[in-house]
Each structure stands twice: as structure tokens, then as C-alpha cells.
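As C-alpha cells, the structure follows; a few thoughts come after it.
The values are calculated or read from the model by the stated rules, or taken from the named source; none is laboratory data. Here the structure is a predicted model, which means the values were calculated and not measured. Cβ coordinates were reconstructed from backbone atoms using ideal geometry, including for glycine residues, and neighbour counts include every protein chain displayed. Remember, those area values only see protein heavy atoms, side chains included, never the ligands or the DNA or RNA. Shrake-Rupley method; radii C 1.70, N 1.55, O 1.52, S 1.80 Å.
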Amino acid sequence: SAMSKEQRVLQYVQQNASRGDPDSVLAAVDKFGWETEWAMNLGDVKGAILDRFVKETAPQTMLELGTYMGYSAIRIARLLPETAKFMTVEFDQENAAVAREMIEFAGLQNRIIQITSDTADVIPQLKTKYDVETLDMVFIDHWKDVYVRDIKLLETNKLLRKGTVVVADNIIKPGAPEYAEYVRTCGKYDSTFHESRFEYSNDDIDGLEKSVFRG
Ligand SMILES: O=C(NCCCCCn1ccnc1)c1cc(-c2ccc(F)cc2)cc(O)c1O
Ligand SMILES: [Mg+2]
């Protein structure tokens, strides 16, 4: 059968990036997104903001909800030390398979624990099955209508500690209004909105919410 968009991106990366070079993989995905086919990767513009947050936080334990093709997982993992523990969760089996190959091509498979499952099932297992004590940083980029469910699951499963940094994509487009409202008003986070551009767009606005847990 014909290739999916995600498989076309992977093929473009395998034919245009250098194996073991994460930056060349990111550049190839972004070139494809700008010039050939739009895709819902975090992208280069918002990606630079996330890079800054990851560098500032220097997390030893990191969780990503929503792997998609692995673009942001590669963005994050390329900035982490070998000793860091970084888990990324994807629900869609096909996208998880593309991500696995993308991550392997980037040479980061030893730095990323890829989980293919429902985040609602994984979050309660992080302490017991994945030997997590608390998380230093979280990146949320999956279904916009479950962002609130999952940050509340992180809270009730005692996975956040004073200073844990939670970053969420798509606050404007497609939007996560209940999530923005929750983190800004519940009293448990110091939350800031970082306006940016929607992925692979010169016109549309989007942005990241950065919320620091007060403990
Ligand atoms: O839906 C998004 N991501 C989740 C995808 C599925 C997650 C599956 N999963 C993983 C773990 N648990 C569940 C998303 C959408 C858009 C968008 C914006 C405008 C538009 F017109 C079309 C699309 C832009 C993004 O940046 C996004 O991230
Ligand atoms: Mg997104």
C-alpha cells in the first residue's frame, strides 16, 4: 500500500540526513515540513524555545507525552547526558514504529525509552515499572483534550516535585484552553506563556506554556 506521510518523512530523512547526527535529522524533518508536506512536529521555531527550557532545566528524569515521529524526542535527547532517564509515550502504533526508526537513525535509541501505550495507563506505572522517583521535566504534546487529565494524573501519582518544569505545546493552535486555564489558575504552578509561530507557518501564531510546580 502507499506510504503514509510519516513514512514519507522518514524516507526523506534516511535519504537526506546523516546517520548518527541528530541535528541533520531535525534539519531534514524541518526542510520537509517547510518545503514539501506540513506535519504536526514541534518544528524549528517552537523547537528552539524548548531547547532553551531543556538546557536551563538540565533534567536527569524527563517524560514526553506524544512521540509522533520522534522529532521532539530527538530534540530533547540530543541535549541530555547519557545518564539521564528520558521516556516518551505514543498511543498510535504506526507513528511509534516510524519514531523508532527515526530515533535509531539519529543514533539516540540508547538515550530514549520509547513506550507505545495509553498515557493514562503509563503514568500510574512510572514509579513501579519504570523506576521513576519524581520527574524533573515533562513535555506534553499529545491529544489536546487530555492534557488536563494527564497533568492531574502526574500530580495524584506524586510524580511532580517542587520545581518540576512542565512544558505544553499548542496552547493557541489547535489550542488547549482548559489546560491553560487549569495551570494558570489552580494555584499549584508558576505558569508563563511563550508566544511563537505554529509549526512550518510564517503567519499562524502558537506558543508553549511553561509551568513550574510549586510543590
Ligand atoms: O493533535 C496533535 N498532536 C497529538 C497527535 C496524536 C497524539 C496521540 N497520542 C500520543 C500519546 N497519547 C495519544 C497536534 C495537532 C496539531 C494541529 C493543529 C492544527 C491543525 F489544523 C491540525 C493539527 C498541531 C500539533 O502541534 C499537534 O501536536
Ligand atoms: Mg504539537
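Solvent-accessible surface of the chain, taken per residue with a 1.4 Å probe and all protein chains present: 45 Å². For the chain, the longest principal axis of the alpha carbon atoms and the long axis of helix 147-156 meet at an angle near 50°.
Rounded to the nearest 20, the Cβ-based charge dipole of segment 107-215 about its Cα centre (Lys and Arg +1, Asp and Glu -1) stands at 560 debye.
Quick check: residue separation of R8 and E82 times 0.36 nm, minus the Cα distance between them. What number comes out in nm?
Taking R8 through E82 to full extension adds about 23.6 nm, to one decimal.
Just need the relative contact order of the chain here, percent rounded to a whole number, with Cα pairs under 8 Å and 6+ apart. It rounds to 20 percent for the chain. For helix 93-106, what angle does its Cα long axis make with the longest principal axis of the chain, in degrees from 0 to 90 and rounded to 10? Roughly 70 degrees, rounded to the nearest 10. Cross-link partners for K31 among the lysines, with Cα-Cα distance under 20 Å and sequence neighbours closer than 8 places in the same chain left out: K5, K46.
Across the accessible surface of segment 15-94, with the other protein chains kept in place and a 1.4 Å probe, carbon and sulfur atoms take up 50 percent.
By DSSP, the beta bridges lying fully in segment 64-215 are antiparallel in about 50 percent of cases. Computed in the context of the full set of protein chains, the accessible area of segment 101-215 at 1.4 Å probe radius has 46% of its extent on carbon or sulfur.
Charges were assigned to the Cβ only: +1 to each Lys and Arg, -1 to each Asp and Glu. The resulting dipole of the chain about its Cα centre is roughly 680 debye. Using 0.36 nm per residue and subtracting the Cα-Cα separation, the extra length available between E104 and D203 on full extension is 32.3 nm. Across segment 84-185, Cα pairs under 8 Å and at least six residues apart give a relative contact order of 25 percent. With R₀ fixed at 25 Å, the C-beta to C-beta distance from D23 to S117 puts the FRET efficiency at about 0.30.
In the chain, taking the dipole from charged Cβ atoms about the Cα centre, the farthest positive-side position among L80, I49, Q114 is held by L80.
Extension gain, Y130-D92: 0.36 nm per intervening residue step, less the Cα-Cα distance, totals 11.6 nm. Ligands, DNA and RNA aside, T116 has an accessible area near 50 Å² when probed at 1.4 Å.
For the cross-link pairs K85/K210; K129/K173; K127/K162, the ones whose C-alpha atoms lie over 27 Å apart are K129/K173.
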